[in-house]
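The values are calculated or read from the model by the stated rules, or taken from the named source; none is laboratory data. Small disclaimer: the values here were computed from a predicted structure and weren't measured. FYI the Cβ positions are ideal-geometry reconstructions off the backbone, even for glycines, and counts take in every protein chain you see.
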Amino acid sequence: MTSAISRERDPSIRVEPHARRPHRASAGARRSRRVARVAPWAFISPSLVLFALFAFAPLGAAVVLSFQDVQVFGGGTWVGLQNYETMLTSGLFWTSVWNTVVFTLGTVPTSAALGLLLAVMLNRRLPGRGIIRSLYFLPMVVSGVAVSLVMVWMFNSDNGIVDAFLQAVGLPRVDWLSSPSWAMVTVILAVVWGRIGFRMVTYLAALQGINPALLEAAQIDGAGAWARFSRITWPLLNPTTYLLIVLNIVFSLQAFDVIYVMTGGGPGFSTTVLIQYIFRSAFTDGKMGYASAVGVFLVAALLALTVLRSRLSRRTEDLT
Amino acid sequence: MTASSASMRLARSQDRARSPRAGGLRPRIVRRAIGRWLVWALLVVGALIMFFPVYWVFVTAISPGGLAQGAGLALWPSRVDLGVFARVFESQPIGTWMLNSTITSVASVVLSVGISLLAGYAFAKYRFRGRDAIFALMLLTIMVPIQVIVVPEFVIVSRLGLVNSYWSVILPSAAQGICIFIARQFLIAVPDELIEAARVDGASELTTFLRVVLPMSGPLIAVLTILTFVWRWNDFIWPLVALQTPDKFTMSVGLNSLNGAYAHPWDQIMAVTLLSMIPVIIVFLVFQRQFVQGIAESGLK
Amino acid sequence: MSALSSPDGDGRLSRRAVLRYAAAAAGAMALGPAMAACTSPSTSSPGATVGPDTKADLVLTTWNIPADLVAYRRFAAQYKQKHPGVTIKVQVTPNGDFNQYLSTQLAGGNAPDIIRNTWQQIGRWAQNGGFIPLDDYLAPDYGKGFGETFWAAAQLDGKVHGIPQHTDTFATYYRTDVMQRVGASIPSSLDAAWSWDDFLSLAREVKKATGKAAVAYGFEGVNTAYRWLPFLYMHGGQLVKDDGRTPAIDTPEGVEAIAWFQQLYTEGLIPKSNTIKGSTTAAVENTFTSGQVGLMIFGDWIMGEVAKVLAQDKWDITYMPKDRSAASDLGGNLLSVSKTSKNPAVAADFIRFVCDQANMKYFCETDLFLPVRTTLMDEKLDYASNADQMSRFAEQAKTVPAAMAKVETLPNFAAINQVLADQLDLCFIGQQTPKATAAAIADGIKNARS
């Protein structure tokens, strides 16, 4: 996302409207310059008010809380960096970090790759294409809670339909949710299921925006299907891929309901991710200050990741 | 469902590109046809898998006691009980929940689409002091999990006297960094010449926005509407905190009141789940054509 | 997002916690005065009496069980006949997130006057002041009519914070066909209940008979980890010493109780999916109704769901297995008065009305709950259905250990329960020894706060 801003700074992208306005010293122009100075503030003010009240202020409060030990009804006492120290020495915290990394790596590339694959397959005339596309999209409208309620039922290792099916076709049953090693796979499957649709539609739209002439020309030059994809289509999809991956990482780090409902963070701690850890620290263990510290860490980590990514990409651009 | 014209064009041009060489290469055409049908079959199987959980919600709802699955493989319950839908309407104020969800979702969508368009326009087409910093801050909020801020947020809402009013759900959820980001990406592509022309004609900044920018933003509005409607309709934690009395419950909060230690009519839970999906599906069907177009034209591309 | 699934009333994103931190957060944002205003305690009017001309509008909140809503509305109507000026509105609690719901309402200053809650919940609210003490509105000997364990559990520091309305407990469901096949004799009285050894060998036979597993256990996710505790107390163990603070599970009894239960998992007698954190009500019931297990240890409140699927001659109820003593789960509800109630005297009077002999009897018989008044506990109630089964649950309910009830009503029980869920889950899936588990639980209890 930061790269979106930096892209904007690139002068080759576009020229600011008022920059190209002729600077005449007439009263009218002065008025219009003044208007142009005020107008953007007027445009962003509704957002600014709502963000200040409902996003910036609570976030600021969370940062403050992260330096406190919060007691029942009594407000907090200042403890400096103690919450952060406790966090860094907590085994469960690092387990959650690790699980978060696994969960993110399991969900982000897969849903993007599957979305792309589907988009490529669907980007042609096919019987029933509209219906097929809608079926892939449908899961997106199902709430996370509803998804999880039904998935936990389907993937039950004793009476779930998935194992019943595997058995019917002669495959071994799998302990989807009851074995520590499979549980993570299962929640990843459930999340990917819900996400494919949007990735697919996004890639489909991007594909349809690619000028067919480019591909035609390449084909006439004798480029095969794979060459056309890897040399033309894929590079053109880069911005889409970047955006989807950034958004997906954010969504993955915040994915709460599916894990909460399907595994409760178990078996053992095998699916306890950071957001799960924050939740239980705050509301079950009663340590809001500590939970805020972990939350601040999560936001900071996300931010660092985004900044790092845009720095790296800028450097590669500079090199080429 | 839309067969978008762009893809048709693409497909046609591929056919055209192929045709001059096709003459002496029958086996290749056959192979292509087989490949095409193979792709189709794969897609259909995948689509069925994708659809299955939703189907399973339905099957669980109409199974007596909600216990669809025995030990074996059965895709249809041995006994069917369609009365469950009548029962949930009788025992639960589904109509009220639907209405509340509709009111809060629609209002929140209208508000967040409106303010995001305005802000997105400002970020896209103006240069002003602190612009990048404010924009970055708003994007930062995308990364903040609700669990981290739910308590301070509740304090603010109750301080404003909004608790248990529709506004308590509508206002906080209208501030969406992601919407502003998408709006900005889309509006960057609006030609500056058009905006300049309107200004030269003496239009005010707001008129320029309303007459020039807004009419071009149909697809953007569709994208934002679908995304935010889906999110708001399925929102759970925040409405649960902010809404107190059952006459204000939304679908997701109402659904939750069915799920607990002493009340778990599984069939009814699934029936309500199914009913709760319907409005979102309708919104998607209505806006999907513009949605795809909007994605293609906005920064998501 | 959701604390939705929490199958027990003991919700995760607890409103209590929200309220508690709300105060701190307010301080952090210099909004302190507002919250102070929201949370100022209401003053009770000791000794206030409710006469026929008393005027009040009260709100009662209960779980979303249609039959219960009908019953409470009926009580409200009857009460109005005696007190025409008093109107009581019955509302629904989004019960998966009870604590979160309640703390928000308290913070908003308009919580329902009367709140239906559980034993595992009441401690927190009694301690943090969300529920007011009711002693001023009750005759000194009022508690005499109630079962001792229940009345003791309704108190914190000697003050009554809720009046017990009903209880529920665990017993053993069995499938008649499976029991016949393995030739099991069904205990006909509490004294004859299966011993741990009997139960273990029976379970092994049942597993052979079903070809799958033997016994389903009534876990319904993280919040219900405490349902293992009866087995600790049966074996003479204790979770916490009588002081309510010192962990007492890291003893030979504690380790043995954990080891015995772990064995049920390692031998595949309890179905794999039936872990503490991963279990859902419907799935647990389903292993029983679909015949994958022949036994199920679960509460009376799911009988209706079982009966919907399984004909009455296919299943029945017997007692919990027992060891050094019998024990079972502490379920059931109390009615409490919130501190934001403007008419605590009337609220308390209505609760007394609902929990009197006749109304408790009516409520239990109609909606299938177990009574908590001693006279009713000894009586055979005229249940609307499954009367025989209910009578066995009623007998079993008397075995709920008082010491266990005391632990489960501790103000910090939510955190203790989380410790149990974490460590027992690790142990039951075979990733931790019983010895290490007992030690880890003891360690966790030391750090658990309310």
Residue list for the range A:128-155, filter: more than 7 Å from chain B (Cβ to nearest Cβ) and at pLDDT 85 or above = A:155
Going through the range C:400-419 in order, the residues found to be over 22 Å from residue C:437 (Cα atoms), surrounded by 24 or more Cβ atoms within 10 Å (Cβ to Cβ) and of a type in the set (A, V, I, L, M) are C:400
Identify, by number, the condition in (1) closer than 30 Å to residue A:148 by Cα; (2) in a helix (DSSP H, G or I); (3) in contact (Cβ under 8 Å) with a residue 12 or more places away in the chain that residue C:283 doesn't meet.
-> (3)
Among (1) farther than 28 Å from residue A:241 by Cβ; (2) at pLDDT 80 or above; (3) surrounded by 19 or more Cβ atoms within 10 Å (Cβ to Cβ), the one test that residue B:214 misses | (3)
Scan the helices (runs of 4 or more DSSP H) fully inside the range B:89-203 and keep the ones with 3 or more residues being at pLDDT 85 or above and facing another protein chain (nearest Cβ under 9 Å).
-> B:94-125, B:131-140, B:166-174, B:177-187, B:192-200
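Conditions tested, residue by residue: (1) of a type in the set (S, T, N, Q); (2) under 22 Å from residue B:236 (Cβ atoms); (3) over 30 Å from the mean Cα position of the chain (by Cα).
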site: A:142; (1), (2), (3): no, yes, no
site: A:147; (1), (2), (3): no, yes, no
site: A:151; (1), (2), (3): no, yes, no
site: A:156; (1), (2), (3): yes, no, no
site: A:159; (1), (2), (3): yes, no, yes
site: A:162; (1), (2), (3): no, no, no
site: A:167; (1), (2), (3): yes, no, yes
site: A:172; (1), (2), (3): no, no, yes
site: A:181; (1), (2), (3): yes, no, no
Sort through B:22, B:71, B:47 and tell me the only one that's at pLDDT below 80 and buried (at least 16 other Cβ atoms within 10 Å of the Cβ).
-> B:71
Cβ pairs under 6 Å, 6+ apart, first in the range B:271-294 and more than 9 Å from chain A (Cβ to nearest Cβ) and farther than 17 Å from residue B:61 by Cβ, second surrounded by fewer than 19 Cβ atoms within 10 Å (Cβ to Cβ) and at pLDDT below 80 = B:289/B:2
Residues of the range C:262-291 that turn out to be at pLDDT 90 or above and over 23 Å from the mean Cα position of the chain (by Cα), as a count | 9
Elements of type helices (runs of 4 or more DSSP H) in the range C:296-376, at least 1 residues being not assigned by TED's automatic domain parsing to the domain that holds residue C:75 | C:303-309
For the range A:156-175, enumerate the residues that are facing another protein chain (nearest Cβ under 7 Å), out of contact with any Phe, Trp or Tyr (no Cβ under 9 Å at 6 or more places or on another chain) and small (Gly, Ala, Ser).
-> A:164, A:168
Scan A:227, A:217, A:183 and give me the residue that is under 28 Å from residue A:256 (Cα atoms) and at pLDDT 85 or above.
-> A:183
Mind checking whether some residue in the range B:219-238 is free of Cβ contacts under 8 Å to residues at least 24 places away in the same chain and either within 19 Å of residue B:192 (Cβ to Cβ) or among the acidic types (Asp, Glu) (or both)?
-> no
Among the residues of the range B:158-168, is any assigned by TED's automatic domain parsing to the domain that holds residue B:249, within 30 Å of residue A:244 (Cβ to Cβ) and among the hydroxyl-bearing types (Ser, Thr, Tyr)?
-> no
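To keep it simple, each residue is scored yes or no on (1) of a type in the set (D, E, K, R); (2) surrounded by fewer than 19 Cβ atoms within 10 Å (Cβ to Cβ); (3) more than 29 Å from residue A:229 (Cβ to Cβ).
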{"position": "A:66", "(1), (2), (3)": "no, no, yes"}
{"position": "A:76", "(1), (2), (3)": "no, no, yes"}
{"position": "A:110", "(1), (2), (3)": "no, yes, no"}
{"position": "A:124", "(1), (2), (3)": "yes, yes, no"}
If you go through the range A:157-179 one residue at a time, do you hit one that is surrounded by fewer than 24 Cβ atoms within 10 Å (Cβ to Cβ) and in contact (Cβ under 8 Å) with a residue 40 or more places away in the chain?
-> yes
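Conditions (1) more than 9 Å from every other protein chain (Cβ to nearest Cβ); (2) in contact (Cβ under 8 Å) with a residue 24 or more places away in the chain; (3) closer than 30 Å to residue C:52 by Cβ; (4) more than 21 Å from the chain's Cα centre (by Cα), marked per residue:
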| site | (1), (2), (3), (4) |
| --- | --- |
| C:297 | yes, yes, no, no |
| C:320 | yes, yes, no, no |
| C:323 | yes, yes, no, yes |
| C:330 | yes, yes, no, no |
| C:335 | yes, yes, yes, no |
| C:343 | yes, yes, yes, yes |
| C:350 | yes, yes, yes, yes |
| C:353 | yes, yes, yes, yes |
| C:367 | yes, yes, yes, no |
Between a first residue in the range A:265-290 that is at the interface with chain C (Cβ under 8 Å from one of its Cβ atoms) and among the hydroxyl-bearing types (Ser, Thr, Tyr) and a second residue that is surrounded by 24 or more Cβ atoms within 10 Å (Cβ to Cβ) and in a loop (DSSP other than H, G, I, E, B), which pairs have beta carbons less than 6 Å apart while being 6 or more apart in sequence or on different chains?
-> A:284/C:12
Working only within the range C:299-313, note down all residues that are within 23 Å of the chain's Cα centre (by Cα) and more than 7 Å from every other protein chain (Cβ to nearest Cβ).
-> C:299, C:300, C:302, C:303, C:304, C:306, C:307
When the range C:415-444 is checked residue by residue, the ones that are among the aliphatic types (A, V, I, L, M), over 20 Å from the mean Cα position of the chain (by Cα) and assigned to a helix (DSSP H, G or I) are C:426, C:436, C:438, C:439, C:440, C:441, C:442
Single residue of A:230, A:178 found to be facing another protein chain (nearest Cβ under 7 Å) and not hydrophobic (A, V, I, L, M, F, W, C) = A:178
So residue A:220, is it among the hydrophobic types (A, V, I, L, M, F, W, C) and farther than 28 Å from residue C:272 by Cα = yes
Is one or more of the residues making up the range C:403-414 farther than 15 Å from residue C:153 by Cβ, at pLDDT below 90 and in a helix (DSSP H, G or I)?
-> yes
